[in-house]
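Beneath this line is the structure, given in structure tokens, with notes to follow.
The values are calculated or read from the model by the stated rules, or taken from the named source; none is laboratory data. Here the structure is a predicted model, which means the values were calculated and not measured. Counting neighbours? That spans all protein chains shown, and the Cβs are built from the backbone with ideal geometry, glycine included.
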Amino acid sequence: MKGLVKGLGVTLRNMTKKKVTYKYPDEPMKMPNRFRGVQHFEPEKCIVCNQCARICPTECITLTGKKNPDPESKVKLVIDTFDLNFEICILCDLCTEVCPTEAIVMTNNFELAAYSRDELFKDKEWLTANNTNVREENNVSLLKAKKGGAE
Amino acid sequence: MGELLTQPLSWGSFLTFALMAIVLLLVILFMVTYAIYAERKILGYMQSRIGPNRTGKFGLLQTPADVLKLLIKEDTIPQKADRPLFKIAPIISFVPSFVVLATIPYSENMYFANLDIGVLYYVALSGLSTIGIVLGGWASNNKYSLIGGMRSAAQLVSYAIPLVISAVGVVLMSGTMNLMAIVERQSGWFWNWNFIPQILAFVVFVISAIAELNRTPFDLPEAESELVAGYHVEYSGFRFAIYMLTEYVYMIAMSALITTLFFGGWHAPAPFLEFIPGFIWFLLKFCGVFFFIIWLRGTMPRIRIDQLMSLGWRVLLPLSLANIFVTAIVMEIIKAING
Amino acid sequence: MALRTEELLLNVGPQHPSTHGVFRIVVKIDGEIIKEATPVMGYLHRGTEKLAENLNYTQIIPYTDRMDYVSAMTNNYVLVSAVEKLMQLEVPERAEFLRVIVMELQRIASHLLWWGTYLLDIGAMSPFLFAFRDREMIIEMFNELCGARLTYFYMRVGGVKWDAPDGWIQKVRDFVPYMRERMKVYDDLVSGNEIFLARIKGVGRYDAQTAIDYGLSGANLRCTGVKRDLRKDHPYSVYDRFEFDVPTRTEGDCYARYLIRLEEIKESLRILEQAVEMFPEGPVMAKVPRVIRPPEGEVYSRVESPRGEIGCYVVSKGKDSPYRLKFRRPSFVNLQILPKLLVGESITNLITILGATDIVVGEVDA
């Protein structure tokens with residue numbers, strides 16, 4: 001009997017404690033800085049090295065490049081199309097880890113639900129426009145170079 | 001109300017009775033709606049979360065929304081099911097649980113029927129809803145609902161017996177089965193209420209009542225995260241709503257009965273508080289019992305079927321029989337001392 | 001007139017609220033007693049081991065996260081430690097300490113989830129929400145550390161990816177006394193409850209020899225009296241520097257497994273305290289070549305996951321992807337005792353026993 005009464009006491013005491021429900025759709029949920037959300041792409045920085053497409057574990061990145069119309073700049077190729085298939089992207093952030101220029105970075109957005117599968121195939125324009133909540137730390141080796149080897 | 005009952009039946013009084021019955025039905029339906037809401041909110045608070053709060057202000061429209069959803073669902077009947085029995089089973093289950101509410105005195109002037117065999121009428125009718133459950137299990141033409149229905153029938157029958165026998169202790173002490181008179185005998189301070197002299201009967205009655213209601217920790221027929229979904233697996237839409245309605249109306253009826261038999265009905269805990277109307281006291285005590293049943297649901301795990309049967313027959317039944325003997329002996333001793 | 005009875009063939013699953021995933025048991029019952037039980041697995045098979053033959057070692061690590069999704073850090077570690085053994089890499093100390101802290105936190109989270117769902121199967125609703133509330137604190141810490149709440153992808157060959165952000169170690173330090181208080185609340189709520197004890201005691205008993213014969217590991221083995229924990233017997237990472245006990249009991253029933261897992265949470269809290277005190281400075285990643293090419297050879301590395309012994313066998317032919325990768329998953333092996341254990345039990349006890357074995361179907365099928 002004693003165990004039952006103790007259990008009843010626990011639930012009764014819990015009624016007066018603070019509630020832990022998030023008011024989610026009404027208030028946005030704030031994710032910490034390192035959160036791996038949907039990617040953001042900046043076409044000017046991309047040098048079409050193909051590292052992201054090669055490292056992706058599910059091969060969801062397809063990209064094509066074209067010759068740089070500006071003959072003076074050192075960069076040979078600029079990005080023409082860049083597609084990310086979010087049906088199979090697992091948001092593992094390997095693409096941001098290997099990108100040498102931080103052209104592709106992750107944001108803290110995670111709301112990607114859509115009504116049809118076609119909408120999940122995002123192209124360059126959408127990824128460029130997705131520039132809210134961009135993550136600050138992306139490529140760990142560049143981070144070390146920026147901070148002079150600290151950490 | 002009492003004068004109306006004793007007069008000969010005329011069209012006027014018949015219409016009055018019919019109107020009051022409809023009013024009671026509507027009041028009970030309203031109470032059930034908010035009983036379901038209260039249960040979800042209380043369970044939420046016990047689990048560190050808010051219950052429903054998005055539909056309507058504070059979530060008050062949640063149950064009407066759920067009922068609306070159930071009403072507009074498709075009414076499916078399995079192909080080889082026994083159609084007349086399938087349709088009538090929820091009704092057989094619901095009607096007794098509502099009819100017993102007529103006998104309970106809510107305050108000195110608010111009662112619907114003043115039967116001299118109130119307790120007997122109550123337990124007899126509550127036994128009838130067992131038939132509805134067995135019929136529902138049988139008529140669904142589903143092996144698993146048959147097993148579930150049989151299990152719950154076994155549970156209901158085995159716990160009806162300690163229920164009745166523990167109520168007999170109260171009847172012995174009050175000398176009558178009339179619920180009005182039982183309440184009147186508990187007037188005065190709160191230590192006159194029956195739950196103190198009849199503490200053993202009180203405990204046995206509460207446990208049996210929770211088993212009769214199919215509530216945790218005895219909710220094998222209902223929650224069934226184990227195997228089959230019980231007797232109402234094939235019911236959907238409005239028929240399922242009637243089964244759920246039965247459960248909550250029966251819960252209200254049982255809480256009202258516990259209040260009447262053991263907590264002094266509409267009497268205040270102390271004579272100087274009698275200026276507050278009796279109905280308010282009835283409501284407060286009833287809410288306390290109701291909260292206790294919900295509190296148990298939030299805390300306890302489920303009992304296994306064989307442990308449930310052995311608890312009913314080997315523990316509760318001997319205890320309630322012992323209670324009758326002890327009550328009778330003590331009453332004889334007091335009579336011998338006094339006279 | 002003799003009464004003719006037949007045995008009933010019943011399918012528990014694949015869709016069932018209590019089988020913790022898509023898992024099916026075909027039982028033949030006579031009344032309430034089980035005469036024969038056959039588990040059917042494979043509903044969640046995703047071909048991880050075959051896919052791994054075409055992927056880089058770094059690319060396989062997210063796939064291991066998703067095998068035993070409840071304790072992803074130990075899965076990451078088993079693959080990474082196998083490759084490190086093959087390459088004979090030296091991992092920096094700070095990385096090893098971060099790995100231990102993260103794995104012990106993961107053990108607490110996994111046991112909390114097990115506790116909540118086990119009690120939900122038995123019928124109590126509130127412990128589930130209490131457990132998830134506390135597990136949420138651990139998940140939030142992981143979210144700050146590595147950016148994900150369930151599939152962390154935190155460990156790399158040669159170290160870990162991120163260093164701890166500022167204030168994170170302090171959060172771990174504050175979590176330990178909070179969790180100790182909550183364990184007392186859990187004991188009050190459940191462990192003394194007579195209904196719960198009547199459901200669990202004496203159910204699903206087996207002895208030590210059976211457990212060893214079937215290859216059980218983890219709490220399923222330690223409940224029979226065999227004191228075997230890989231963190232103590234074959235220490236890996238920096239576990240040999242910490243002081244902790246290995247809870248063992250002798251009864252061999254579900255109650256013993258329940259108590260052992262609760263004790264393991266307390267032991268993990270001890271390890272966390274010590275690890276946070278001894279936390280060194282330094283780099284978090286060793287100098288690894290850009291493309292990881294282990295030399296030719298085979299290696300088997302094993303780790304004590306919350307469910308038992310998880311092992312990874314790698315055959316490498318010198319290329320950047322393995323020739324063959326095989327995971328010895330604890331839930332798969334622990335399930336094999338079910339057909340023997342369930343004969344003669346009633347249906348209600350089936351759920352109790354299955355819950356106490358603590359399986360995760362993602363791991364059973366890989």
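Test B:LYS87 against the stated conditions and say whether it is of a type in the set (Lys, Arg) and touching a residue at least 40 places away in the same chain (Cβ under 8 Å).
Numbers: of a type in the set (Lys, Arg): yes; touching a residue at least 40 places away in the same chain (Cβ under 8 Å): yes.
Judged against the criteria, B:LYS87 is a match.
Could you please let me know if C:ARG156 is without any contact (Cβ under 8 Å) to a residue 12 or more places away in the chain, among the basic types (Lys, Arg) and either over 28 Å from B:THR216 (Cβ atoms) or within 14 Å of chain B (Cβ to nearest Cβ) (or both)? If you could, list the steps in order and put the result at the bottom.
Details: without any contact (Cβ under 8 Å) to a residue 12 or more places away in the chain: no; among the basic types (Lys, Arg): yes; either over 28 Å from B:THR216 (Cβ atoms) or within 14 Å of chain B (Cβ to nearest Cβ) (or both): yes.
No: the conditions fail for C:ARG156.
Can you pull out every residue in the stretch B:161-208 that is crowded, with 24+ Cβ neighbours inside 10 Å and small (Gly, Ala, Ser)?
B:SER166, B:ALA167, B:GLY169, B:ALA201, B:SER208, listed by residue number.
Run down C:GLU140, C:GLU136, C:GLU96, C:GLU90 and say which single residue is surrounded by fewer than 23 Cβ atoms within 10 Å (Cβ to Cβ) and touching an Asp or Glu at 6+ places or on another chain (Cβ under 9 Å).
Selected residue: C:GLU90, the only one of C:GLU140, C:GLU136, C:GLU96, C:GLU90 that is surrounded by fewer than 23 Cβ atoms within 10 Å (Cβ to Cβ) and touching an Asp or Glu at 6+ places or on another chain (Cβ under 9 Å).
Do we find that A:CYS95 is more than 11 Å from every other protein chain (Cβ to nearest Cβ) and under 29 Å from C:ARG290 (Cβ atoms) in this structure? Talk me through it step by step, then tell me what you get.
Working: more than 11 Å from every other protein chain (Cβ to nearest Cβ): yes; under 29 Å from C:ARG290 (Cβ atoms): yes.
Spelling it out, A:CYS95 is indeed more than 11 Å from every other protein chain (Cβ to nearest Cβ) and under 29 Å from C:ARG290 (Cβ atoms).
Answer with yes or no whether B:ASP66 is among the acidic types (Asp, Glu), surrounded by 14 or more Cβ atoms within 10 Å (Cβ to Cβ) and more than 23 Å from A:MET15 (Cβ to Cβ).
Values: among the acidic types (Asp, Glu): yes; surrounded by 14 or more Cβ atoms within 10 Å (Cβ to Cβ): yes; more than 23 Å from A:MET15 (Cβ to Cβ): yes.
Judged against the criteria, B:ASP66 is a match.
Please determine whether any residue of the stretch C:15-25 is surrounded by fewer than 15 Cβ atoms within 10 Å (Cβ to Cβ) and either within 14 Å of chain A (Cβ to nearest Cβ) or part of a strand (DSSP E or B) (or both).
No - not one qualifying residue is present in the stretch C:15-25.
Taking C:THR38 as meeting all but one of (1) more than 14 Å from chain A (Cβ to nearest Cβ); (2) closer than 30 Å to A:CYS52 by Cβ; (3) modelled with pLDDT of 90 or more, write down the number of the exception.
Result: C:THR38 fails condition (2) only.
Would you tally the residues in the stretch A:29-46 being more than 10 Å from chain C (Cβ to nearest Cβ) and either farther than 18 Å from A:MET106 by Cα or charged (D, E, K, R) (or both)? It would help to see each step written out before you state the result.
Initially, the stretch A:29-46 is screened for residues more than 10 Å from chain C (Cβ to nearest Cβ), giving A:29-30, A:38-46.
Then keep just the ones that are either farther than 18 Å from A:MET106 by Cα or charged (D, E, K, R) (or both); that gives A:30, A:42, A:44-45.
Residues meeting the conditions: 4.
Select from the stretch A:113-131 the residues that are over 14 Å from A:ASP83 (Cα atoms) and of a type in the set (Ser, Thr, Tyr) and list them in ascending order.
Once the filter is applied, which keeps residues that are over 14 Å from A:ASP83 (Cα atoms) and of a type in the set (Ser, Thr, Tyr), the stretch A:113-131 yields A:TYR115, A:SER116.
Could you run through the stretch C:159-195 and say how many residues are at the interface with another protein chain (Cβ under 10 Å from one of its Cβ atoms), surrounded by fewer than 20 Cβ atoms within 10 Å (Cβ to Cβ) and either in contact with a Ser or Thr (Cβ under 6 Å, 6 or more places away or on another chain) or β-branched (Val, Ile, Thr) (or both)?
So the count comes out to 1.
Just wondering, is there one or more residues in the stretch C:255-269 that are closer than 24 Å to C:LEU350 by Cβ, in a loop (DSSP other than H, G, I, E, B) and either of a type outside the set (Asp, Glu) or within 13 Å of chain A (Cβ to nearest Cβ) (or both)? Give the derivation first.
Initially, the stretch C:255-269 is screened for residues closer than 24 Å to C:LEU350 by Cβ, giving C:255-262.
When the remaining residues are screened for being in a loop (DSSP other than H, G, I, E, B), the result is none.
Looking for residues that are closer than 24 Å to C:LEU350 by Cβ, in a loop (DSSP other than H, G, I, E, B) and either of a type outside the set (Asp, Glu) or within 13 Å of chain A (Cβ to nearest Cβ) (or both), one finds none in the stretch C:255-269, hence no.
Consider the stretch C:93-149. How many of its residues are within 13 Å of chain B (Cβ to nearest Cβ), within 17 Å of C:SER268 (Cα to Cα) and in contact with a Pro (Cβ under 8 Å, 6 or more places away or on another chain)?
Residues in the stretch C:93-149 being within 13 Å of chain B (Cβ to nearest Cβ), within 17 Å of C:SER268 (Cα to Cα) and in contact with a Pro (Cβ under 8 Å, 6 or more places away or on another chain): 1 in total.
Quick check on my filter: what residues within the stretch C:306-361 are part of a loop (DSSP other than H, G, I, E, B), touching a residue at least 24 places away in the same chain (Cβ under 8 Å) and farther than 13 Å from C:GLY218 by Cβ? If you could, list the steps in order and put the result at the bottom.
Filtering the stretch C:306-361 down to residues part of a loop (DSSP other than H, G, I, E, B) leaves C:306-307, C:317-323, C:329, C:343-345, C:358-360.
From what's left, touching a residue at least 24 places away in the same chain (Cβ under 8 Å): C:306-307, C:318-323, C:329, C:343-345, C:358-360.
Scanning the stretch C:306-361 gives C:GLY318, C:LYS319, C:ASP320, C:SER321, C:PRO322, C:TYR323, C:VAL343, C:GLY344, C:GLU345.
Can you confirm whether the stretch C:196-211 contains a residue that is buried (at least 18 other Cβ atoms within 10 Å of the Cβ) and closer than 24 Å to C:ILE139 by Cα?
no
Say whether the condition of being more than 15 Å from the chain's Cα centre (by Cα), within 14 Å of chain C (Cβ to nearest Cβ) and under 29 Å from A:THR16 (Cβ atoms) is met by at least one residue in the stretch B:54-62.
Filtering the stretch B:54-62 for residues more than 15 Å from the chain's Cα centre (by Cα) gives B:54-62.
Imposing the further condition that a residue be within 14 Å of chain C (Cβ to nearest Cβ) reduces the set to none.
No, the stretch B:54-62 contains no residue that is more than 15 Å from the chain's Cα centre (by Cα), within 14 Å of chain C (Cβ to nearest Cβ) and under 29 Å from A:THR16 (Cβ atoms).
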